[in-house]
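K.L.:
Have a look at this one.
None of the figures in this text is laboratory data; all of them are computed from the coordinates on show. Remember, it's a predicted structure, so these values are computed and weren't measured experimentally. All Cβ positions, even for glycine, are placed from backbone atoms using ideal geometry, and neighbour counts span all protein chains on display.
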Amino acid sequence: MKEVILITGSSRGIGAATALLAADQGYAVCINYVRDAQAAEALSSRVNAAGGEAIAVQADVSQEADVERLFAEVDARLGTLTALVNNVGVLEQKCRLSDISVQRLERVLRTNVISYFLCCQQAVRRMSTATGGQGGRIVNVSSVAARIGSAGEYIDYAASKGAVDTLTIGLAKEVAAEGIRVNGVRPGLIYTDIHASGGEPGRVARLEAGVPMQRGGQPEEVAEAILYLLGPGASYITGSILDVAGGR
Ligand code: NAP
């Protein structure tokens with residue numbers, strides 16, 4: 001059966017590394033982005049030039065109409081979806097809880113939580129054996145922040161990842177008998193651009209000595225965990241959340 005994967009927020013960082021590894025493993029890949037068309041198209045061209053199959057689709061996954069259009073494009077251009085990675089995530093400038101505005105809370109929760117619900121809805125409709133589907137796998141990208149709370153930095157982001165973990169546990173149980181496995185990964189400090197949006201591009205380098213393994217992680221190391229959870233080696237694993245955090 002043809003494997004078709006959609007990875008939200010995959011023009012760079014962990015999503016891009018996951019797209020490349022999935023393509024290497026034979027998946028047809030939908031690379032999703034919101035702004036950086038150039039990066040997404042370059043990644044897609046790289047996969048296609050190496051003999052794989054990829055498309056790049058712009059969609060703001062925090063918006064329901066965009067999510068519906070994104071999944072319809074996957075149906076039309078790649079075929080039946082077999083795997084979804086909810087990877088999109090944003091964080092805003094570090095601050096204390098008392099300084100978090102309602103507008104910021106709404107932005108963070110809409111992008112980090114509501115998008116995951118919207119994409120899971122679309123995926124389950126297509127995958128569930130209860131509605132004629134062939135089954136499938138979902139991996140939700142959470143964060144160690146869900147465990148440690150990110151005090152003084154971004155409790156809103158940490159709480160959004162706590163919600164992602166609960167979504168993973170609940171949905172895994174809800175669709176376990178319908179051929180769908182749902183798991184999560186919790187990355188720790190990973191070298192990507194996300195830390196710049198929190199106001200500290202050098203955050204991983206500053207904190208990595210405090211990680212038990214004494215280094216930050218690479219996006220490719222998270223991608224390996226995601227592909228493991230999607231793959232046949234994880235056939236009896238659902239509702240699990242795997243820390244990819246060097247012991248943090
Ligand atoms: P990143 O480098 O900042 O990349 C974010 C990606 O998401 C980009 O491709 C961006 O697209 C896309 N994006 C943002 N908002 C979007 C939206 N509304 N709709 C569609 N795409 C959108 O992030 P990352 O560090 O790889 O993080 C990936 C995931 O890992 C996130 O869920 C993050 O919370 C989680 N995580 C990361 C770390 C870490 O240390 N890096 C640690 C724990 C968890 P454009 O390029 O078009 O803007």
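K.L.:
Under 23 Å between alpha carbons, and skipping anything fewer than 8 positions from K161 in its own chain: which lysines qualify?
P.N.:
List returned: K94, K173.
K.L.:
Under the definition of Cα pairs under 8 Å and six or more residues apart, what whole-number percent is the relative contact order of the chain?
P.N.:
Across the chain, relative contact order equals 19 percent.
K.L.:
Could you rank the peptides 204-213, 81-90, 175-184, 43-52 by their average count of other C-beta atoms within 10 Å per residue, with the highest value first?
P.N.:
81-90, 175-184, 43-52, 204-213
K.L.:
What 222 nm value per residue comes from the helices of the chain, counting each DSSP H run with n ≥ 4 as -39,500 (n - 2.57) and dividing by all residues, nearest 500 deg cm²/dmol?
P.N.:
Mean residue ellipticity, 222 nm, calculated: -13000 deg cm²/dmol.
K.L.:
Show me the ranking of peptides 120-128, 96-104 by mean Cβ neighbours inside 10 Å, starting with the highest.
P.N.:
Descending packing order for the listed peptides: 120-128, 96-104.
K.L.:
Compute from the Cα atoms of the stretch 46-86 the Rg and the Dmax, the latter being the longest Cα-Cα distance, and quote both in angstrom.
P.N.:
That works out to 11.4, 33 Å for Rg and Dmax.
K.L.:
Using Cα positions and a limit of under 22 Å, work out the lysines in reach of K2, with same-chain residues fewer than 8 apart set aside.
P.N.:
Candidates past the 8-residue exclusion: nothing left.
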